[in-house]
Amino acid sequence: MAPAAWAAPRRIGVWLTNSPSPLYYKPQRLENAVRELADAGFNTLYPNVWSRGTTFHRSNWAPMEPALLQSGASHDPICRLTEAAHRRGLRVIPWFEYGLMEPADAAVVQQHPDWVLQKADGTSAVTMHGRQMVWLNPAHPGVRQRFLGLIGEIVKRCKVDGIQLDDHFAWPVDLGYDPYTRALYRQENGQDPPANSSDRAWMNWRRRQLTGLLRELRATLRTSGLGSAYVSLSPGPFRFAYNHWLQDWEIWALGGLIDELVVQNYAYSVAGYEKDLKQPALLKASSWGIPVEIGILAGFGGRTTPMATLSEKVRLALERGHGVIYFYWEGLWGLHAGAEGPGLRQEGFRSLHQSVPR
């Protein structure tokens, strides 16, 4: 396709994480990664800053990630990455991967059991990413204060260009039967929550609590002098996001609560990927006046997407006016470069991005 068909600037980004990757633990690795990404035509980096109840910096609100702490590293990976990126003209939008999830054995869960959402049977734990996890209640003032504190401190400390929430900034639809939520619902509605967790009015009430936290985040950033901080959201397809996680990203976008939408599309085949690009909510999103990007799987674990397939997926996204964000750094030309190998893939991404307008 001729470059003229891609007339508007597009975001070309990548998610970076510590798992599984040695990236964060040595400053020179971070410097090298940013240099390679800039050379390959990337313009935005989404580094993971919040994972499994821990941070990648010294925080007033949560413990530091154990491996970073044990490494004895004196650098702050997110600040170091941001400094290196800004020197090369790249934007940095830290990614709060685990949102409102915490390990079931986390100190904050033990100290504040009333912050934890419950199922109708009184249990809380769910198995996610191979661990027992719980979800903190977005309606609880203590949870809100902590969540806003975690975000505010990294925006201030590292002078990043924004923050990103993803599909874990959510209220799972089968949760909300804990004593705190029951009492709050009863106070507002004069009755207990419906036993059917998919009751539409009950879903809508919980969705409004989650929306309220997002609205409070925007207000907090503004009153803290950080009103220009960009808020990105990376959910799954709309119906799944709402019916399973109570993420109403259409209302959030139209209400000015998010500045960017990155819809995850990890379909393996090109045909499946193209079909997902045609979902009604995504087609409507293009008229909402905010950037709409597509999350594409580059490689993770034993699954690496060949360059030819990636090129076709990028072409399809750009044709529809979307930028692309790759998951994840090690799947580009790192640990999960697959049979093609690092050299071929690095040159492949460089060539692919050369025709994308900046």
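The values are calculated or read from the model by the stated rules, or taken from the named source; none is laboratory data. Values in this document were obtained by computation on a predicted structure and should not be read as measured data. Cβ sites come from the backbone with ideal geometry, for glycine too, and all protein chains shown count toward neighbours. We work out accessible area using only protein heavy atoms, side chains counted, and drop any ligands, DNA or RNA first. Shrake-Rupley method; radii C 1.70, N 1.55, O 1.52, S 1.80 Å.
Is there any pair linking a residue in the stretch 206-223 that is charged (D, E, K, R) to one that is assigned to a helix (DSSP H, G or I), with Cβ under 7 Å and at least six apart or on different chains, and which?
216/144; 216/148
Check off (1) at pLDDT below 95; (2) over 26 Å from the mean Cα position of the chain (by Cα) for residue 194 and give me the number that stays unchecked.
Failed condition: (1).
Quick one: which of 247, 209 is assigned to a helix (DSSP H, G or I), at pLDDT 95 or above, touching a Pro at 6+ places or on another chain (Cβ under 6 Å) and open to solvent by less than 50 Å² (accessible area, probe 1.4 Å)? Steps first, answer last, please.
Values: 247 fails: assigned to a helix (DSSP H, G or I).
Just one listed residue meets the conditions, 209.
Specify which of the listed residues (60, 18, 43, 32) is of a type outside the set (D, E, K, R), at pLDDT 95 or above and either open to solvent by less than 40 Å² (accessible area, probe 1.4 Å) or more than 25 Å from residue 298 (Cβ to Cβ) (or both). Steps first, answer last, please.
On the way: 60 fails: at pLDDT 95 or above; 18 fails: at pLDDT 95 or above; 32 fails: either open to solvent by less than 40 Å² (accessible area, probe 1.4 Å) or more than 25 Å from residue 298 (Cβ to Cβ) (or both).
Step by step, each of 60, 18, 43, 32 is checked, and only 43 is of a type outside the set (D, E, K, R), at pLDDT 95 or above and either open to solvent by less than 40 Å² (accessible area, probe 1.4 Å) or more than 25 Å from residue 298 (Cβ to Cβ) (or both).
Being surrounded by fewer than 19 Cβ atoms within 10 Å (Cβ to Cβ) and over 24 Å from residue 244 (Cα atoms) is the requirement here; does residue 129 meet it?
Numbers: surrounded by fewer than 19 Cβ atoms within 10 Å (Cβ to Cβ): yes; over 24 Å from residue 244 (Cα atoms): no.
No: the conditions fail for residue 129.
Residue check: is residue 324 in contact (Cβ under 8 Å) with a residue 24 or more places away in the chain, under 20 Å from residue 39 (Cα atoms) and assigned to a strand (DSSP E or B)?
On the way: in contact (Cβ under 8 Å) with a residue 24 or more places away in the chain: yes; under 20 Å from residue 39 (Cα atoms): yes; assigned to a strand (DSSP E or B): yes.
So residue 324 fits the description; yes.
Restricted to the stretch 6-59, and to residues that are of a type in the set (Phe, Trp, Tyr) and in a loop (DSSP other than H, G, I, E, B), which residue is farthest from residue 233 (Cα to Cα)?
Keep residues of the stretch 6-59 that are of a type in the set (Phe, Trp, Tyr), which gives 6, 15, 24-25, 42, 46, 50, 56.
Cutting the leftovers down to in a loop (DSSP other than H, G, I, E, B) gives us 6, 42, 56.
Numbers: 6: 24, 42: 19, 56: 20 Å.
Ranking the qualifying residues of the stretch 6-59, first place goes to 6.
Taking residue 334, is it crowded, with 22+ Cβ neighbours inside 10 Å, in contact (Cβ under 8 Å) with a residue 12 or more places away in the chain and either within 18 Å of residue 260 (Cα to Cα) or out of contact with any Phe, Trp or Tyr (no Cβ under 8 Å at 6 or more places or on another chain) (or both)? I'd like the intermediate steps shown before the answer.
Values: crowded, with 22+ Cβ neighbours inside 10 Å: no; in contact (Cβ under 8 Å) with a residue 12 or more places away in the chain: yes; either within 18 Å of residue 260 (Cα to Cα) or out of contact with any Phe, Trp or Tyr (no Cβ under 8 Å at 6 or more places or on another chain) (or both): yes.
When the stated conditions are applied, residue 334 does not pass them.
Pairs please, first residue from the stretch 64-91 and on the phi > 0 side of the Ramachandran plot, second anywhere and open to solvent by 20 Å² or more (accessible area, probe 1.4 Å) and not polar (S, T, N, Q), Cβ atoms under 9 Å, 6+ apart in sequence or on different chains.
89/38
Say we look at the stretch 278-296 and pick out the residues that are touching a strand residue (DSSP E or B) at 6+ places or on another chain (Cβ under 7 Å) and hydrophobic (A, V, I, L, M, F, W, C); which of these is most open to solvent (accessible area, probe 1.4 Å)? Please lay out each step first, then the result.
If we filter the stretch 278-296 for residues that are touching a strand residue (DSSP E or B) at 6+ places or on another chain (Cβ under 7 Å), which is where we start, we get 282, 285-286, 290-296.
Pick out the ones that are also hydrophobic (A, V, I, L, M, F, W, C) and you get 282, 285, 290, 292, 294, 296.
Details: 282: 3, 285: 0, 290: 33, 292: 9, 294: 1, 296: 0 Å².
Going through the qualifying residues, I end up with 290.
Quick one: which residue in 114, 105, 121 is surrounded by fewer than 14 Cβ atoms within 10 Å (Cβ to Cβ) and not in a loop (DSSP other than H, G, I, E, B)? It would help to see each step written out before you state the result.
On the way: 105 fails: not in a loop (DSSP other than H, G, I, E, B); 121 fails: not in a loop (DSSP other than H, G, I, E, B).
Answer to the check: 114.
Against the condition at pLDDT below 90 and within 22 Å of residue 317 (Cα to Cα), how does residue 232 come out, does it pass?
Numbers: at pLDDT below 90: no; within 22 Å of residue 317 (Cα to Cα): yes.
Taking the combined requirement at face value, the residue does not satisfy it.
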